[in-house]
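Written out below as structure tokens is the structure these notes cover.
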């Protein structure tokens, strides 16, 4: 596609429910990143993928959070038993490679509201 | 651990004037990149400018330029001839040479350009 696509754009869920957030990176981009942006805050790194493997999961806040990537393309971030503190914008980015001189392109994010 | 600090939560500037946004960072590394991203209300992060730490010359992109002071670990963004479309959140970000393309963001500065 022309850019990084995320779905849904907005999601309202009840506390305790599971949610899945989807990221469709730019075609050919091997690196994919997930970030979380809480209200009025900067972006917090969650996890990144090189191909289908996730070398760095250090940013995942708890074991309720997991992510996978299949076929080196689409990635899904899953939050189980959602809590109100999970409310945030979840942003995905992709880049051609894991290298400092490659630009990361961001999607428009999914705004998650847990009520 | 690396940290990025933006000490100005909000700033405003008159259209056509010049404004400077501040950013400081902390790292013990020598090999890294620094970035400024713009986030308009659409939520999509847009790369404004980037600086390689090994380059002494300050990066410029049209109306945007940086003042990179490596010894002081300072990386400010100057916007010249401010335009209404520059109104957005601006984030300073750090990328290490050995952490897989992960970006560490500051808290952001909300810039308002007034007509």
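Restricting attention to the range A:72-86, the residues that are surrounded by fewer than 18 Cβ atoms within 10 Å (Cβ to Cβ) and more than 21 Å from residue A:106 (Cβ to Cβ) add up to 5. Taking the range B:9-44 as the range and being under 12 Å from the mean Cα position of the chain (by Cα) and part of a loop (DSSP other than H, G, I, E, B) as the test, the residues that pass are B:22, B:23. Determine if the range A:89-104 includes at least one residue that is assigned to a strand (DSSP E or B), out of contact with any strand residue (DSSP E or B) (no Cβ under 6 Å at 6 or more places or on another chain), on the phi < 0 side of the Ramachandran plot and more than 10 Å from chain B (Cβ to nearest Cβ). No, there is no match, as no residue in the range A:89-104 is assigned to a strand (DSSP E or B), out of contact with any strand residue (DSSP E or B) (no Cβ under 6 Å at 6 or more places or on another chain), on the phi < 0 side of the Ramachandran plot and more than 10 Å from chain B (Cβ to nearest Cβ). The set of residues from the range B:95-115 being crowded, with 17+ Cβ neighbours inside 10 Å, within 11 Å of another protein chain (Cβ to nearest Cβ) and not in a loop (DSSP other than H, G, I, E, B) comprises B:95, B:96, B:103, B:104, B:105, B:109. Within the range B:56-85, the residues that satisfy the criterion of being outside any strand (DSSP E or B) and touching a residue at least 60 places away in the same chain (Cβ under 8 Å) are B:80, B:81, B:82, B:83, B:84. Taking the conditions exactly as written (touching a strand residue (DSSP E or B) at 6+ places or on another chain (Cβ under 9 Å) and under 24 Å from residue B:51 (Cα atoms)), does residue A:23 satisfy them or not? Considered against the rule, which asks whether it is touching a strand residue (DSSP E or B) at 6+ places or on another chain (Cβ under 9 Å) and under 24 Å from residue B:51 (Cα atoms), residue A:23 comes out as no. Considered as a group, the residues in the range B:45-54 that are touching a strand residue (DSSP E or B) at 6+ places or on another chain (Cβ under 6 Å) and assigned to a loop (DSSP other than H, G, I, E, B) include one that is surrounded by the most Cβ atoms within 10 Å (Cβ to Cβ), and that residue is B:45. Of all residues in the range A:23-58, those being under 22 Å from residue A:8 (Cβ atoms), within 10 Å of chain B (Cβ to nearest Cβ) and part of a loop (DSSP other than H, G, I, E, B) number 1.
Taken together, the values in this text are just the output of simple stated rules run on the coordinates, not laboratory data. Everything numeric here is computed off the predicted structure, so don't read it as measured data. Every residue, glycine as well, gets a Cβ built from its backbone with ideal geometry; the counts of neighbours run over all protein chains shown.
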